[in-house]
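This report refers to the structure that appears directly beneath it.
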């Protein structure tokens, strides 16, 4: 079988990397194509995943449209030569458009509700796979699986934290430390949304700094007074850093989810997090069902949540116990991924039926 995997974000590398290894070990040909950004391509290189870069990063919303068009065109040209059996992506706009043109089955993974670009995917994708709690309905091709997106690489059957990896970069995991992630808000689904202000970032770091060492990862330029907190740990060890941290806070939804699933007390600060009815279901489930996450759109409230976390020394141990329940109830996401990519009974008629109905 020939499989095309597309990567447009560093989290996509983590999501697919174990599946890529397993598919290749099973004798399948896997072709990886990427759109360059601040971490995705370096991660592919660090994990020694053979790949080809089809487009560079965008510098603006208009640039995003231009880069996406370039990416789709180049992906089509490469896929036409490869003649893949299946194409897969997270989000999957390009894959859902290109796959039917080259006679491939498309498997798209989605874990964020209410995103406009999903309307460009749903009529064309053969399979749209989401966690079971997903609110949106994509019709006949919608597959729900009993897991979280990030458990493709963070399930306890898949991920084993290493304190020695941290010590190699000067981080002592037995001493109290806290981790912050600040992201750039330039994706298509970020229009009109925002994360922490510079003032909020400073207050957050200052609050953590009173209790231990603070490490920051940021794709957004850091103020000069925060640059000294930048994490020395490379992206390949960031989950070790998250696992051993006494707490996490930041405006990255992906990293907040990762921290929660690793059993690290986590506070997410985003304008998306206004209320449970409008927030994405994965964040709601992690907070309401598993008590592993705190979310807010208000920076002052975020500081209160962090202070409450820090006031109770038993907090980290309680979070680790809650993680055990998640691992017992949810599947290893890579197992789901490989099953969906290698199934042979999926018919292209699914796409044809859905296209007629839409």
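All of the numbers you see were taken from the coordinates with simple rules; none came from a lab. Being a predicted model, the structure only gives us computed values, none of them experimental. Here the Cβ positions follow ideal geometry from the backbone for every residue, glycine too, while neighbour counts run over all protein chains shown.
Remarks
- Placing a label point 7 Å from the Cα of residue 322 along the Cα-to-Cβ direction, the residues of segment 264-293 whose backbone N falls under 14 Å of that point are 264-268, 283-293.
- Cα pair distances exceeding 28 angstrom across segment 163-329, given as percent: 15 percent
- Per-residue Cβ neighbour rank within 10 angstrom, fewest leading, 248, 145: 145, 248
- Rounded to two decimals, the Cα radius of gyration of the chain over 2.2 N^0.38 Å is 0.98.
- Fewest neighbouring Cβ atoms within 10 Å first, the residues 7, 216 line up as 216, 7.
- Across 197, 106, 156, mean-square fluctuation computed from a Gaussian network of the chain (C-alpha pairs under 10 Å connected) peaks at 197.
- Going from the residue with the fewest nearby Cβ atoms within 10 Å to the one with the most, 2, 199, 211 rank 199, 2, 211.
- Computed over segment 239-345, Kirkwood Rh from alpha-carbon pairs, angstrom: 14.6 Å
- Over the chain: helical MRE at 222 nm, DSSP H runs n ≥ 4 each giving -39500 (n - 2.57), nearest 500: -12000 deg cm²/dmol
- For the chain, the longest principal axis of the Cα atoms and the long axis of helix 61-82 meet at an angle of about 50 degrees.
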